[in-house]
Amino acid sequence: MSLDATSADHRPADADADLRSLRELIASIEHAQANELVDAFVGLFRSDAIWTTGHGRRLTGRDAIATFTAEVLPGASAHGRATYEIEHVLFIRPDVAAVKVIQRSYDRNGRPDGVGSPMYVAAKEDGRWLLTANQNTIVVAE
């Protein structure tokens, strides 16, 4: 994983603690999706969050994200699972981070089944990192 901050002013006072918290946030995404936990997943978003799905559908606000998630997450694990690994973190401000993730999908037999490239912009509010502006992108083989 690589880390950037364009200036010392953008780096959090305790970058190691914030990186641990961001890793926990991404692990929570993976856990909620693997276990089809709609409420747990939706609870990771700020109330006014924006999310563009891997197929280009724009969702605005936690309610829209909840509706979509309730439609697609239950039963999704029957098709396989995905892992999430942070590739890069850019602290835009000490309380705002762009988190680039590699998402690896596996079919229900454990064989690789695709790659995604999500970008999560997280904001720290009341000591908790929340998903704020997010884009999930499917990586197309060249």
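Once the mean of 1/r is taken over each pair of separate Cα atoms and inverted, segment 51-115 shows a Kirkwood hydrodynamic radius of 14.0 Å.
Projecting label points 7 angstrom from Cα along Cα→Cβ for Asn35 and Val139 puts them 2.8 nm apart.
In terms of packing, defined here as the mean over residues of other Cβ atoms within 10 angstrom, the peptides 41-54, 10-23 line up highest first as 41-54, 10-23.
Run the numbers on the chain and let me know its relative contact order in percent, using alpha-carbon pairs under 8 Å that are six or more apart. Relative contact order, the chain: 26 percent.
Sort Ile26, Ile65, Ile102 so that the residue with the fewest other Cβ atoms within 10 Å of its own Cβ comes first and the one with the most comes last. Please list the in-between numbers first.
Numbers: Ile26 21, Ile65 24, Ile102 15.
With the fewest neighbours first, Ile26, Ile65, Ile102 line up as Ile102, Ile26, Ile65.
Largest first, the three principal axis extents of the alpha carbons in the chain are 45, 34, 25 Å in whole numbers.
Round to the nearest 0.05 the FRET efficiency obtained for Thr60 and Asp16 when R0 = 30 Å and r is the Cβ-Cβ distance. The pair Thr60/Asp16 has a calculated efficiency of 0.35.
Quick one: dipole size for segment 2-135, taken about the Cα centre, charges +1 on Lys/Arg Cβ and -1 on Asp/Glu Cβ, in debye to the nearest 20. Don't skip to the end; give the middle numbers.
On the way: 15 positive and 19 negative charges, 66 e Å.
Computed about the Cα centre, the dipole is about 320 debye.
Helix 15-34 axis versus longest C-alpha principal axis of the chain: approximately 10°, rounded to the nearest ten. The C-alpha atoms of the chain define a longest principal axis, and helix 62-72 lies at about 30 degrees to it.
Coordinate-derived values only; no laboratory data. From a predicted model like this one, the values you see are computed outputs, not experimental measurements. Positions of Cβ are generated from backbone atoms using ideal geometry, with glycine treated the same way; all protein chains shown enter the neighbour counts.
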